[in-house]
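Below is one structure, written out as structure tokens, with a few remarks after it.
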């Protein structure tokens, strides 16, 4: 007599204790935490982790944060924007110091991910801290292609359209400039929605259909598009790309919205 076994349940992702190796200021309200995570299994660009804090009285708070570092780097980087009424983010950005420890589990997510083997063109559209998982993709691309010839780079061209309120709110501003300056197959376009510095020649409005038509590849090029940011921006950009003729199946989105509590 034969028997049929029940399908195995997916193994739960274990919580790990990470140590803070470095804290970097990105903007006035944003910090990057560089972490040593013993036993880290590796990740793909675009994935995230859960972070859990436990108070002395046992109260716990948990939030999800995108991974900013490329899979090729030995340490894990999380870039966190402080929310004034937040429960977790003020501690991560203002209190944590090198040597401190925190709990995290991951990597999590398999939909909003990209690696060089998937090919391009690669279209990235970000709003605010939505740049974080997209930066992991750009860092991964740079790490893989740094020693590649020009032909290999041209097979995976990338364009980033990044919306921020002000010039000082642009996360990774200097690194993005360096990446673009050193790679003719990477284009970075910024749009500032509130204030722009004197002499600014870039976009000065919210991302719209006309802006996307100017920045994105034609639909016939079949770019892989990744859009991340606040829910209204993500929904508007995804809808505009489809209206422009892009394949909805090649437009992947990740949005920030209410999760039952402040970050």
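The values are calculated or read from the model by the stated rules, or taken from the named source; none is laboratory data. Not measured: the values here are computed from a predicted model. Backbone-built Cβ (ideal geometry, glycine too); neighbour counts: all protein chains shown.
Table for the structure above
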| item | result |
| --- | --- |
| Those residues of segment 187-201 which are at pLDDT below 95 and farther than 20 Å from residue 27 by Cα, in sequence order | 199, 201 |
| Subset of segment 18-44 [loosely packed, with under 12 Cβ neighbours inside 10 Å and within 20 Å of residue 89 (Cβ to Cβ)] | 24, 25, 28 |
| Every residue from segment 46-62 that is more than 17 Å from residue 35 (Cα to Cα), outside any strand (DSSP E or B) and either in contact with a strand residue (DSSP E or B) (Cβ under 6 Å, 6 or more places away or on another chain) or modelled with pLDDT of 90 or more (or both) | 46 |
| Selection status of residue 210, in a helix (DSSP H, G or I), assigned by TED's automatic domain parsing to the domain that holds residue 243 and closer than 19 Å to residue 256 by Cβ | no |
| Near pairs, Cβ below 8 angstrom, 6+ apart or cross-chain, from segment 89-103 (farther than 18 Å from residue 66 by Cβ) to any residue that is surrounded by fewer than 11 Cβ atoms within 10 Å (Cβ to Cβ) | 90/84 |
| Matching option when the condition is in a helix (DSSP H, G or I) and surrounded by fewer than 21 Cβ atoms within 10 Å (Cβ to Cβ), among 237, 242 | 242 |
| Test for residue 130: is it in contact with a strand residue (DSSP E or B) (Cβ under 8 Å, 6 or more places away or on another chain), surrounded by 14 or more Cβ atoms within 10 Å (Cβ to Cβ) and farther than 23 Å from residue 192 by Cβ | no |
| So residue 88, is it more than 20 Å from residue 140 (Cβ to Cβ) and either modelled with pLDDT under 95 or under 18 Å from the mean Cα position of the chain (by Cα) (or both) | yes |
| Of all residues in segment 45-70 being buried (at least 18 other Cβ atoms within 10 Å of the Cβ) and over 13 Å from the mean Cα position of the chain (by Cα), the one that is nearest to residue 105 (Cα to Cα) | 51 |
| Search result, residues across segment 63-85 that are part of a loop (DSSP other than H, G, I, E, B), closer than 20 Å to residue 52 by Cβ and free of Cβ contacts under 8 Å to residues at least 60 places away in the same chain | 75, 82 |
| So residue 218, is it assigned by TED's automatic domain parsing to the domain that holds residue 239, loosely packed, with under 14 Cβ neighbours inside 10 Å and under 22 Å from residue 236 (Cα atoms) | yes |
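Results for (1) over 23 Å from residue 119 (Cβ atoms); (2) modelled with pLDDT under 95, shown as yes or no for each residue.
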site	(1), (2)
207	yes, no
234	yes, no
248	no, no
252	no, no
256	yes, yes
